[in-house]
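Colleague: Here it is: the structure, laid out below.
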Amino acid sequence: MHEMALMGEIVHLIEQDARSKEMKQVKKVELLVGTLSNVLPDALQFAFDVYKVQADNCLTADAELVIHMERARAICAICGKEYEPATKITQCPTCLLPSGNIVAGETFRILAYEGSLTT
Ligand SMILES: [Zn+2]
């Protein structure tokens, strides 16, 4: 379950950034997760709940996690059709060839976080 490792890193990064801005509390963390990114939202939520209350993460103890899903999109290199692929091997629904270039859905990143200068 690589979500544990990913989330550990995210909480650590946000914690560091919040400290450098002299924040006293992190209220909200927003992530953008592509449907083809191989990251499971439920596992992320679980990992977040585990990490946010760890002793060295006191800034994030009451933070809320918001996960925004990015829908997958592919464009066929042959006919130019745009469609939503279900997997990373993308078959164009018109040409029936694996000719799709994925243009969205593989994202995994921190969108934003909200902190507060008071507790
Ligand atoms: Zn096509």
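Every number in this text was worked out from the coordinates using simple rules, so none of it is lab data. Every value quoted in this text rests on a predicted model; they were computed, and no experiment measured them. Here the Cβ is made from the backbone with ideal geometry for all residues, glycine too, and neighbour counts use every protein chain on show.
Colleague: Run the dipole for segment 60-107 about the Cα centre, Lys and Arg Cβ at +1, Asp and Glu Cβ at -1, nothing else charged, and hand back the magnitude in debye, nearest 20.
Modeller: 360 debye
Colleague: Give me, ordered by chain and number, the residues 5 or more places off residue 73 or on other chains with an amide H under 5 Å from its own placed amide H.
Modeller: For residue 73, whose amide H was placed from the backbone, the distant partners under 5 Å are 103, 104, 105.
Colleague: Picking from 40, 96, 31, which is most flexible by a Gaussian network model of the chain using Cα springs under 10 Å?
Modeller: Per the Cα network of the chain with a 10 Å cutoff, 96 tops the list.
Colleague: Over the Cα atoms of segment 38-82, each weighted equally, I'd like the Debye log10 I(q)/I(0) at q = 0.18, 0.22, 0.24 Å⁻¹, rounded to two decimals.
Modeller: -0.64, -0.80, -0.87
Colleague: Report, in debye and to the nearest 20, how large the dipole of segment 1-65 comes out about its Cα centre when Lys and Arg carry +1 and Asp and Glu carry -1 on their Cβ.
Modeller: 180 debye
Colleague: Along each of the three principal axes of the Cα atoms of the chain, give the extent in whole Å, ordering the values from largest to smallest.
Modeller: Principal-axis extents of the Cα atoms in the chain, largest first: 57, 26, 17 Å.
Colleague: May I pose another question? Students often forget the sequence filter, so: which lysines lie under 23 Å Cα-Cα from residue 52 once same-chain residues fewer than 8 apart are removed?
Modeller: Partners found: 21, 24, 27, 28.
Colleague: Then there is this: Which one of 36, 111, 65 is farthest out on the positive end of the charge dipole of the chain, using unit charges on Cβ (Lys, Arg +1; Asp, Glu -1) and the Cα centre as origin?
Modeller: 36
Colleague: Using DSSP to call loops (not H, G, I, E or B), can you name the trypsin sites (Lys or Arg not before Pro) in segment 1-94 whose Cβ has at most 15 other Cβ atoms within 10 angstrom?
Modeller: Passing both the DSSP loop test and the Cβ count: 21, 24, 71, 81, 88.
Colleague: Shifting gears a bit: Stretched out fully, how many nm does the piece from residue 54 to residue 112 gain, at 0.36 nm a residue minus the Cα gap?
Modeller: 18.8 nm
Colleague: Let me ask something else about it. What FRET efficiency comes out for residue 30 versus residue 2 if R0 is 22 angstrom and r is the Cβ-Cβ distance? Round to the nearest 0.05.
Modeller: Once rounded, the FRET efficiency stands at 0.65.
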